[in-house]
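Single-structure report; data block below.
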Amino acid sequence: MTDTTLVPPPHVVPTVFTRDQLDWLPWLEPLPVEELTDRHFAGLVDASRANSAYFRLLVRDPDVLGARTRTDKDIFYNPEAGLPRAERELAAAAASRLNGCIYCASVHARFAVTFSKREADVQKLLDDGVGVDLGERWNAIVAAAVALTTTPITFGPAHVDRLRAARLDDAAVADVIQAAAFFNWANRLMLSLGEPASPPAG
Amino acid sequence: MSDIDVIDRLLGIAPGSALDRIRATRTEARAQAQASYRALFNPDDMAGIAQQERLAVAAFVVGLHGQSAVTEHYAGALAAAGATPALADAVAAAAKAATGQGPYGSYPAGPLSVEDQPGATWRVDGRIAPILGPRLTAAFEHMHLLILHPRDAGPTALQALLDAGWTTTDVVTLSQIAAFLAFQVRVVAGLGALATRL
């Protein structure tokens with residue numbers, strides 16, 4: 001029997017980039033919780049992710065999901081050296097803004113605000129896009145994330161120089177690269193396997 | 001397929017070099033990027049997607065990025081997996097024909113519509129499609145969407161894959177191939193640029 005796509009229930013479609021908590025509705029059938037095996041839980045990494053339709057869809061290929069999740073966690077959560085967490089999140093939000101992933105941008109804009117306390121600047125990035133002026137250090141990070149997100153990739157030695165001039169060391173530059181690159185992975189899954197939904201009005 | 005770290009190999013990273021030390025600050029990301037590569041292209045269980053199909057899709061996806069060293073790697077792996085010269089040529093020709101500039105696409109109607117950059121939905125050339133067959137033809141058309149205009153994605157595009165014989169689980173794996181490679185080529189391009197300044 002040929003599989004079919006899902007029709008999401010009626011919902012409010014977000015039409016702006018936002019820091020609101022959004023929902024995500026799959027276009028393909030996630031695995032039912034009761035069908036999850038030990039191998040699936042190994043792929044989910046955190047058992048609580050079994051509550052998420054997104055992760056229960058991706059867990060159809062559990063080994064890839066597990067490796068993807070562990071890559072993600074090290075790039076963003078490893079506290080050793082490199083770029084401050086706020087700026088890893090900024091790179092993620094900038095890549096998501098350029099690719100047009102309203103869901104991913106909402107999550108990582110919230111994290112960027114939590115860790116940087118620069119609510120107005122993060123909101124400007126969401127409202128006005130990747131061309132905004134956020135001060136030279138953030139501008140250099142956003143420009144690097146943008147150059148890594150376009151196809152063809154336009155990131156080059158001049159972006160490295162600009163990041164260094166903004167006082168990023170080599171490990172921090174590598175974090176910008178990996179954070180932006182990782183969101184070119186995440187955005188494509190989030191954008192193509194389902195859609196965001198706003199919380200109901202009122 | 002060997003299990004030498006493919007990003008290291010593509011960048012020519014020598015043990016103890018400056019770039020080796022930088023990658024070592026994110027040991028787990030390095031190991032898990034390689035684990036992702038292995039899980040996608042050399043898993044113990046290929047499930048519903050033959051290795052040759054996985055590598056044909058990969059060669060097409062990296063071809064869209066125009067990163068020649070990465071493209072050569074996947075074209076070589078495709079040949080090693082037993083692809084006929086006709087298939088290898090069809091993959092390369094499709095990638096060349098599909099190359100474009102991204103990301104483009106449209107937003108849900110509303111305030112963001114002013115940012116819409118409508119663009120082509122790419123279709124495999126009628127002379128190449130018979131060589132690829134219906135499964136790879138549908139897969140390549142979806143890969144082009146994911147790489148160059150992912151915000152145009154929707155359930156109709158997924159239904160086209162299902163109609164071509166891919167299962168829901170296959171579509172998850174195909175999507176991971178495109179998305180992972182979008183990451184891998186960017187890490188290689190980014191660290192390659194950093195290497196010129198070390």
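The values are calculated or read from the model by the stated rules, or taken from the named source; none is laboratory data. Please read these numbers as outputs of a predicted model, since none were measured by experiment. Heads up, the Cβs are rebuilt from the backbone with ideal geometry, glycines too, and the neighbour counts pull from every protein chain shown. The protein model used for the area step is the full one, side chains on, heavy atoms only, and it has no ligands, DNA or RNA in it. Shrake-Rupley method; radii C 1.70, N 1.55, O 1.52, S 1.80 Å.
Hey, any idea what Rg/Rh is for the stretch A:89-202, computing Rh the Kirkwood way over Cα pairs?
Numbers: Rg = 13.9 Å, Rh = 14.3 Å.
Taking Rg over the Kirkwood Rh, I get 0.98.
If a/c stays under 1.5 just call it rounded; otherwise compare a/b with b/c (prolate if a/b is bigger, oblate if not). Do that for the stretch A:1-100, with a ≥ b ≥ c from the square roots of the Cα gyration tensor eigenvalues.
On the way: a/c = 2.45, a/b = 1.22, b/c = 2.00.
Cα axes put the stretch A:1-100 in the oblate bin.
Once you order the gyration tensor axes a ≥ b ≥ c over the Cα atoms, which shape class does chain A get: rounded for a/c under 1.5, otherwise prolate or oblate by comparing a/b with b/c? Don't skip to the answer; put the middle values down first.
Working: a/c = 2.09, a/b = 1.53, b/c = 1.37.
In terms of gyration-tensor shape, prolate.
If you take every residue apart from B:Asn42 with its C-beta less than 10 Å away from the C-beta of B:Asn42, what net charge results, scoring Lys and Arg +1 and Asp and Glu -1?
On the way: positive: B:Arg38, B:Arg54; negative: B:Asp3, B:Asp44.
Charge balance near B:Asn42 sits at 0.
With just the Cα atoms defining each centre, how far is the stretch A:26-51 from the stretch B:135-198? Give it in Å.
Each part reduced to its Cα centre gives a spacing of 22 Å.
Measure nothing fancy, just the Cα-based angle from helix B:85-98's long axis to the longest principal axis of chain B, in degrees from 0 to 90, nearest 10.
So the inclination is approximately 80 degrees.
Which GluC sites (Glu not before Pro) from the stretch A:27-93 combine a DSSP loop assignment with at most 16 other Cβ atoms within 10 Å? Working shown, then result.
On the way: sites: A:Glu34, A:Glu35, A:Glu80, A:Glu87, A:Glu89; in loops: A:Glu80.
Answer in residue order: A:Glu80.
Using the alpha-carbon atoms, what tilt in degrees (0 to 90, nearest 10) does helix B:68-80 show relative to the longest principal axis of chain B?
80
Rounded to the nearest 500, what is the 222 nm mean residue ellipticity of the protein assembly as shown from helices alone, with -39500 (n - 2.57) per DSSP H run of 4+ residues and division by all residues?
Details: 18 runs with 243 residues, N = 400.
Helix contribution divided over all residues of the protein assembly as shown: -19500 deg cm²/dmol.
Would you work out if the protein assembly as shown is rounded, prolate or oblate? Take a ≥ b ≥ c from the square roots of the eigenvalues of the alpha-carbon gyration tensor; rounded if a/c is under 1.5, else prolate when a/b is larger than b/c, oblate otherwise.
Values: a/c = 1.40, a/b = 1.12, b/c = 1.26.
Taking the square roots of the gyration eigenvalues as a ≥ b ≥ c, the protein assembly as shown is rounded.
Which order do you get for B:Met46, A:Met190, B:Met143 if you rank them by accessible area with a 1.4 Å probe, largest at the top? Before the final figure, lay out each step's value.
Working: B:Met46 45, A:Met190 20, B:Met143 0 Å².
Per-residue accessible area, sorted high to low, gives B:Met46, A:Met190, B:Met143.
When chain B is treated as a GNM, springs tying every alpha-carbon pair under 10 Å, which of B:Arg127, B:Arg23, B:Arg151 comes out with the largest mean-square fluctuation?
Judging by the Gaussian network model, the answer is B:Arg127.
Cross-link candidates for A:Lys73: which aspartates and glutamates have Cα within less than 13 Å, leaving aside residues fewer than 8 places away along the same chain?
Cα-Cα hits under 13 Å: A:Asp46, A:Glu89, A:Asp175, B:Glu28.
Using alpha carbons only, how many degrees (0 to 90, rounded to 10) separate the axis of helix A:85-99 from the longest principal axis of chain A?
70
Rule-of-thumb check for chain B: C-alpha Rg over 2.2 N^0.38 Å?
On the way: Rg = 17.5 Å, N = 198, 2.2 N^0.38 = 16.4 Å.
In units of the 2.2 N^0.38 Å rule of thumb, it is 1.07.
Below 13 angstrom from the Cβ of B:Arg197, what's the summed charge of the other residues (Lys, Arg +1; Asp, Glu -1)? Let's see the in-between values first.
Details: positive: A:Arg162, A:Arg164; negative: A:Asp161, A:Asp169, A:Asp170.
Here the charged neighbours net out to -1.
Between B:Ser106, B:Ser36, B:Ser17, which gets the highest mean-square fluctuation from a Gaussian network model of chain B, Cα cutoff 10 Å?
Sorting by GNM fluctuation, first place goes to B:Ser17.
When Cβ neighbours within 10 Å are restricted to other protein chains, what is their mean count per residue of peptide B:130-138?
Working: counts 0, 0, 0, 0, 0, 0, 0, 0, 0.
Partner-chain Cβ atoms within 10 Å, mean over residues of B:130-138: 0.
Considering only B:Val172, B:Val185, B:Val70, give the residue with the highest GNM mean-square fluctuation for chain B, with springs between Cα atoms whenever their separation is below 10 Å.
Looking only at B:Val172, B:Val185, B:Val70, the largest GNM fluctuation is found for B:Val172.
Considering Cα pairs under 8 angstrom that are at least six residues apart, work out the relative contact order of chain B and quote it in whole percent. Walk me through the numbers on the way to the answer.
Values: 198 pairs, mean separation 50.6, N = 198.
It rounds to 26 percent for chain B.
Which of the aspartates and glutamates could be linked to B:Lys96 by a straight reach, that is with a Cα gap under 12 Å, when you skip same-chain ones fewer than 8 residues away?
B:Asp125
Between the stretch A:176-200 and the stretch B:1-37, what's the alpha-carbon centroid distance in Å?
24
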